[in-house]
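The structure under discussion appears below in the form of structure tokens.
We did not get these values from a lab; they are worked out from the coordinates using the rules stated. This is a predicted model, so every value here is computed, not measured. Don't worry about glycine lacking a Cβ; one is built from the backbone with ideal geometry, like all the others, and counts go over all protein chains shown.
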Amino acid sequence: MLADIAERRRPAADALKDWGLAHRFAGSGDRAAIASLVYDGLRRRASAAWIMGQETPRAVLIGMLRLQRGLAAPTIASLFNGGRFAPEPLSAQEQERLANGSLDDAPPEIAGDAPDWVLPSLQGVFGGDLLPELRALGRRAPLDIRVNRLKLDRDEALSRLAHLAPELTPHAPMGLRIPLGEDGRGPALHIEPEFIEGLYEIQDEGSQLATLLSGARPGETIVDLCAGGGGKTLGLAALTRNKGRIIATDADPRRLAPIHERLRRSGAEAEIRTPRAGRARADVLTDLDGTVDRVLVDAPCTGTGTWRRNPDAKWRLRPGSLALRVSEQAQVLDRAAELVRPGGRIVYVTCSLLPEENDAAVAGLLKRQGERFAVVAADEVLAAGTPGLAPFVRLTQQGLQMSPALTGTDGFYVAALERRA
Ligand SMILES: C[S@@+](CC[C@H](N)C(=O)[O-])C[C@H]1O[C@@H](n2cnc3c(N)ncnc32)[C@H](O)[C@@H]1O
């Protein structure tokens, strides 16, 4: 599977699905264990190959067992014992590399397992913290949920969900963290009765915080311009306690489809505007131009901030896809600028760590709009959203950046712009 993912540049989930179909005899425990090996292998693809002196999938897995899972060389040797379902025994060279291979002299793109061409951009954001940040991006992501305050408070949720042993998330006031099993998998929450009842949503703490930092307030007219499946739409409805007017749309009607059921389940209220397929796709928001208090732009992006969840995505990322996302971001920001009323705000969010998609996108809008927009200071954005978060984010030129090492969340960027006139 690792070879398939690398050579055909396939998403890991697709490769795993195909393997599952071709190996129907494999039980669910084996499937989970295999998926976990594949994901961990992808997390440490470069560093594991470096210590083993080879780039083969076998070398990556052996190196990963040491680097990611912390297994000692004799333990790894005992797993590679040539038994019926076990891999071939370790060669003398493999044993030597396992014992002596080191990352001491490895360049940051190897030690931090990231594509080399994005390093200068990441260095620009993280400076001297580059390596700890890359390492944190290589760890497994936690499983976070957002308690639906439209139905209950966090204390009630703690007792209703006691069987899942949840803990409070460090920053988000409605967040709970569900412990993962040994293989890094969490419980199947979507079949839990409390989930079906709409008592919570599965949402990374960073995404919860980005919603809070939008500063949305009851009574406002809010457009969720890139609503996708509605993660933030639901969060906005909960934040405003269903006392605002929320309009959600997305350029891709297929991505919007799940939102109706999610709204129903959670009791969240929002107006969904679905663009119609067709050659001249009509803009579904023209009636709102110049009237909206707050436009949330949860922009399409490279998703570099979510590499903990999608370690295969980092090896698929290419400069061309970054360029494409950057042009989409400009387009969507320009649309947001038309919607917002004088004194109203655009809140720009990405799950990217790359300044090209973050500060540069905001700077681009400011330049195109002349004096019409001004950046709201990040201190103000934090004070209105979640004041306790301030020491855990990086302030950037135009906004703020959350990251796995500093905030313990996926890497989210947030900036707010106010329309002056
Ligand atoms: C990061 S995802 C949104 C995730 C969603 N807000 C959530 O919290 O679940 C970005 C979305 O932007 C949409 N998109 C891309 N270009 C767009 C445009 N010009 N106008 C509106 N939506 C756009 C994509 O279809 C995608 O669903």
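Applying a length cut-off of 18 Å (Cα extent along the axis) and a mean Kyte-Doolittle floor of -0.5 to the DSSP H helices of the chain leaves 28-43, 319-339. Counted residue by residue at 0.36 nm each, then reduced by the alpha carbon distance between them, the extension gain from residue 25 to residue 276 reaches 86.0 nm. Computed from the alpha carbon positions, the gyration tensor of the chain leads to an equivalent ellipsoid with semi-axes of 40, 25, 20 Å, biggest first.
Here the spin labels are modelled as points 7 Å beyond Cα on the Cα-Cβ line, and at residue 102 and residue 135 they lie 1.5 nm apart. So what does the Cα-only Debye profile of the stretch 235-363 read at q = 0.14, 0.21, 0.22 Å⁻¹, as log10 I(q)/I(0), no solvent term? For the stretch 235-363 at q = 0.14, 0.21, 0.22 Å⁻¹, log10 I(q)/I(0) is -0.76, -1.38, -1.41.
Only beta bridges with both residues in the stretch 205-419 are counted; by DSSP, about 45 percent of them are antiparallel.
Charged neighbours of residue 294, selected by a Cβ distance under 9 Å, balance to 0 (K, R count +1; D, E count -1). Modelled label positions at residue 242 and residue 81, each set 7 Å beyond Cα in the direction of Cβ, lie 5.9 nm from each other. Starting from the Cα gyration tensor of the stretch 205-419, take the square roots of the eigenvalues, sort them a ≥ b ≥ c, and report rounded, prolate or oblate (rounded when a/c is under 1.5, otherwise prolate if a/b is larger than b/c, else oblate). Cα axes put the stretch 205-419 in the rounded bin. Full extension of the chain between residue 217 and residue 284 yields a length gain of 21.7 nm, computed as 0.36 nm times the residue separation minus the alpha carbon distance.
By other beta-carbon atoms within 10 Å, ranking 307, 117, 315, 50 with the fewest at the front produces 117, 315, 50, 307. Antiparallel beta bridges, as assigned by DSSP with both residues in the chain, represent about 60 percent of the total such bridges. At an R0 of 45 angstrom, the distance between the Cβ atoms of residue 163 and residue 14 translates into a FRET efficiency of 0.85. Highest GNM mean-square fluctuation among 323, 86, 49, for the chain modelled with Cα contacts below 10 Å: 86.
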